[in-house]
Every structure is written in C-alpha cells, then in structure tokens.
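Here the structure is laid out as structure tokens; the discussion comes afterwards.
The values are calculated or read from the model by the stated rules, or taken from the named source; none is laboratory data. Please read all numbers here as calculations on a predicted model, not as lab measurements. Cβ atoms come from the backbone with ideal geometry, glycine included; neighbour counts cover every protein chain shown.
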Amino acid sequence: MSILIAGGGIGGLAAALSLHAAGLHEVQVLEAASEIRQVGVGVNLPPHAVRELTELGLGEALAQHGIPTSELSYYDRRGKLIWAEPRGLGAGYRWPQYSIHRGRLQQILFDAVVARLGEAVVCTGQRVSGFAPMAAGARVQVTERSGAVRTIEADLLIGADGIRSAVRQSADPALGALATNGWMMYRGTTRSGRFLSGSSMVIIGDEHLRVVVYPIEPGVNNWLLVRPAEDGTNEGATHQNAAEALGNWNRSVEPQAIAQCVQDWTFDWLDVPALVAGSDIAWEYPMADFDPLSQWVFGRAALLGDAAHAMYPFGSNGASQAILDARVLAWHLATQPDIDAALAAYQAERLPVASAVQLANRRQANDVMAKVSAMVRQDAHAGAQAELKEVEARYKRLAGFDAETLNARASWSVGGR
Ligand SMILES: Cc1cc2nc3c(=O)[nH]c(=O)nc-3n(C[C@H](O)[C@H](O)[C@H](O)COP(=O)(O)OP(=O)(O)OC[C@H]3O[C@@H](n4cnc5c(N)ncnc54)[C@H](O)[C@@H]3O)c2cc1C
C-alpha cells in the first residue's frame, strides 16, 4: 500500500512512524518547508499523547528533552492561587505529561523517521497543491521548490498539512473557513530561571487578559499571553489583515511592547513583565479555528491533525489530538480488511472526539474563563475552584485523558497490549 503524507509537522511525522510500526512501510512525507527547522515555542503533551509516543519508542527522548509537568495551577491577576491539581505521574497516570519545545518535538519525530524509514522518506521543498481522486487511490499534485509541478499517484493520501491545509481545500474549498474570536496570542521563551516547583504550568489572569507559563527546559520558560486584538476584529475573519494572519505561525513581534500589557503583574513567585520582556523574540498569532468538519475522508484522501480539526490552543490538545489521529489511522489501516474500511473506521473513531475538543476549547477560552473570573472578582474563590475542577474533569474525559480510562485502554500498537 503506497501512502503519501502531505506535511512533515507533528501529525505527519507521527503518522509516518505509526504506519511503519504497524507494518506499513511504503510511506513518503512531502513537506513544503525547505528544511525541518526547530520553529515554534512550547507545546504541552498530556499523558494520552505521551502514551502514544512512548509506544512508538520515544519515551526516553521525551524524558531527555522535555520537562515532566507536575501540576497545573490557576491564579487570579493579583497572583493569588485559585486552584491547582497534580498532573502526569503524580495524578495517577501510567505516563508523564511533558512540556517541550515544539521544534524539539518535531526534531525527535524527524530523527526517528530518518532512523527507521530512511533519509529519503521526508522530502522537503515539496508543497502539495491538490489532489484528484482515482478509482482506488489519489493523484497528488506537488509544487517543487523550483516551481515545477509534478503528479504522484498513491493508494492513499494523508493530509497532515496543518491549519491551512491544501488537501482540505482541494477536497472541498468550502470546508474549514478559518475564523477568530478576536483574541491575539503572543508567545515566547525566556531563560528566566526556575519558578514554583520548576515543573509547574500556571494560568494567570481572567477573561480580559491572561498568561500561561511553563518551563520547557530547566530554567527556560515558555509564555503565552492572550488578549483582545488591538484592531478589535471579533466578527470572524472578515478583516483583511486578520484574514491573512489567521493560521500564520511566523509573525514576529517586539517582546517589550507585549510586556507592557502585564506591567503590574509582579508576584513574589513570578515576575511576569520581566519574563515577557526577557524573550529575544516573540510571535503573534490570532486565536483561530474552524467549525468541526462533517467528514475527514474524501475517497482515498484522509485529513489528520490541524488540517482536520484546528483548535484554539487552550487545553494542551493541538499536538496531542494529531498524534492520536496518527496512531488510530495506522491501527485501522493495519487491522481492517481494506483501505476504505480502515478510513471509515478512522473517521468514525476520531472525528467525534476531536470535534468535541474543538468546541470545548472554544468554551474554555470564552465562557469558562468569564464565569470563573466573575467569581474571583467577588472573592468567591471556592466557587471558582469547584467550577474549574469540574471543567477540567469533563475536558479530560472528552479529550481521552482521564486517568482511569487512559490507564485501562487497550493499546493502538498492532500486536500490543
Ligand atoms: C511554524 C509553526 C509553528 C508553530 N508553533 C506553535 C507553537 O509555538 N505552539 C503551539 O501550540 N503550536 C504551534 N504550531 C502548531 C502545532 O504544531 C499544531 O497545532 C499541532 O502540532 C498539530 O500538528 P499538525 O501536524 O497537524 O500541524 P503542523 O504542526 O502545523 O504541521 C503542518 C506541516 O505541514 C506543512 N505544510 C503546510 N502546507 C503544506 C503543503 N501544502 N504541502 C506540504 N506540507 C505542508 C507545514 O510546513 C508543517 O510542517 C506551529 C505550527 C507551525 C507550522
């Protein structure tokens, strides 16, 4: 079975490794970027994603390069604790939770692909620009670095080409219209030393302004600041500039200017303005997603990761759900009687879960923060605590990482436990 993967990001590389582990070796990854570079800032991998990466043999690499997140804490904008819970092994999981640089994670996956499938498997400078269905396969159009266009035929095309997926566009241009809730995210990393336990993830602030911080290396802290966009674009992607910015991870911004938003957020346990201002560079990204899709499979083309279910980064599930997609798709391709049955089973298993996470992330980013913040402003911290506890528990269940279910679930490794 010949399989082409569009996109060598987290989802595409996890798919290549999963297919190989499931005994499907005729795999090629086409990546638009001219090289695999360590771009992005931090990502957080809860235990459901770490389990899959561990079963792919990457547990040691994660332990070497990531920080095992030991707790998640919410603070109000005065720096007062609202609620905290243990994470990873301390929360009873069989697998840790890790915070890690996105580029480092991508490099770990890339190195494993090269070691296991060979150097020629990932072709950079190859942009997939569309596909045409065939009776039993897909004819894939690829634009090379030189601008030359060629076509490649494969039994299966996997669209792991991110939030602005060309595969999704080619399947149906009406699908996946990007929209924003009018919030801008600013991201950076700063060598600012240890804070709290040295492995804490904190969310500080309210529905008007908030900051998420966690270490991704000893002493190196990842920060994410979220606030309404200055141009007030809040009616979806109608504004020209906003529309161009949606889904673009590569827009840089001056960290000092961003630090001014939190200039009085200096606590005895963390100096937030110094943290933000201390970055060499920061990145801005409008919070963007699209409505859940009704279908991920189009003949012999299947969407995976952000191409299928781009979501607000609010719940540590963007990369995680992509990794889960990869594992489940490989599992079905290896165990179902034919490709079409496998694709149908993949969509039936993954689409409802990922769609629910997309919608939950919207609620978390908007309604939940507003409700919790309103209680905190009235000094009703106990009520806020109960609300957050319930929201987190519900979220884990729907995203597939409540400890009991995850610990007991059968493996997606072919021939595994
Ligand atoms: C440059 C960049 C920086 C990011 N930074 C962060 C971050 O700091 N924090 C965070 O939480 N998330 C970040 N993300 C998003 C995060 O990686 C994803 O949300 C998540 O990992 C899901 O992975 P994915 O493989 O579906 O998508 P992605 O990780 O976005 O990977 C998609 C890959 O497809 C490639 N591609 C795109 N179009 C084509 C095409 N037509 N043909 C071939 N290849 C194509 C891209 O170059 C990319 O390598 C970033 C993504 C990118 C691309």
If I filter the stretch 81-90 for residues that are buried (at least 17 other Cβ atoms within 10 Å of the Cβ), more than 16 Å from the ligand (Cβ to nearest atom) and in a loop (DSSP other than H, G, I, E, B), do I get at least one hit? yes
Applying the selection to the stretch 269-307, what residues are within 11 Å of the ligand (Cβ to nearest atom), within 23 Å of Ala132 (Cβ to Cβ) and out of contact with any Ser or Thr (no Cβ under 8 Å at 6 or more places or on another chain)? Leu304, Gly305
Residue among Gln364, Gln347, Gln336 that is in contact with a strand residue (DSSP E or B) (Cβ under 6 Å, 6 or more places away or on another chain), among the polar types (S, T, N, Q) and surrounded by fewer than 22 Cβ atoms within 10 Å (Cβ to Cβ): Gln347
Looking at this structure, is Arg51 among the basic types (Lys, Arg) and crowded, with 21+ Cβ neighbours inside 10 Å? yes
State all residues of the stretch 23-42 that are hydrophobic (A, V, I, L, M, F, W, C) and either within 10 Å of the ligand (Cβ to nearest atom) or touching a Gly at 6+ places or on another chain (Cβ under 9 Å) (or both); if no residue qualifies, say none. Val29, Leu30, Ala32, Ala33, Ile36, Val39, Val41
Are any residues in the stretch 86-113 among the aliphatic types (A, V, I, L, M), touching a helix residue (DSSP H, G or I) at 6+ places or on another chain (Cβ under 8 Å) and over 13 Å from Glu60 (Cα atoms), and if so, which ones? Ala91, Ile100, Val113
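To keep it simple, each residue is scored yes or no on (1) within 15 Å of the ligand (Cβ to nearest atom); (2) closer than 24 Å to Ile100 by Cα; (3) surrounded by fewer than 24 Cβ atoms within 10 Å (Cβ to Cβ); (4) of a type in the set (Val, Ile, Thr).
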| site | (1), (2), (3), (4) |
| --- | --- |
| Met1 | no, no, yes, no |
| Ile5 | yes, no, no, yes |
| Ala61 | no, yes, yes, no |
| Gly79 | no, no, yes, no |
Please indicate, with yes or no, whether at least one residue in the stretch 376-383 is in contact with a strand residue (DSSP E or B) (Cβ under 6 Å, 6 or more places away or on another chain), more than 12 Å from the ligand (Cβ to nearest atom) and modelled with pLDDT of 95 or more. no
For the stretch 397-417, the count of residues that are without any contact (Cβ under 8 Å) to a residue 24 or more places away in the chain and surrounded by 14 or more Cβ atoms within 10 Å (Cβ to Cβ) equals 1
Applying the selection to the stretch 271-282, what residues are at pLDDT below 95 and surrounded by fewer than 21 Cβ atoms within 10 Å (Cβ to Cβ)? Asp280, Ile281
Take the conditions buried (at least 18 other Cβ atoms within 10 Å of the Cβ) and in contact with a helix residue (DSSP H, G or I) (Cβ under 6 Å, 6 or more places away or on another chain) and apply them to Ala32. Does it pass? no
Taking the residues in the stretch 98-139 that are under 22 Å from the mean Cα position of the chain (by Cα), assigned to a strand (DSSP E or B) and surrounded by 20 or more Cβ atoms within 10 Å (Cβ to Cβ) as candidates, determine which candidate is farthest from the ligand (Cβ to nearest atom). Tyr98
Checked the stretch 152-169 for anything of a type outside the set (A, V, I, L, M) and either within 11 Å of the ligand (Cβ to nearest atom) or under 19 Å from Gly247 (Cβ atoms) (or both); matches are Gly159, Asp161, Gly162, Arg164, Ser165, Arg168, Gln169
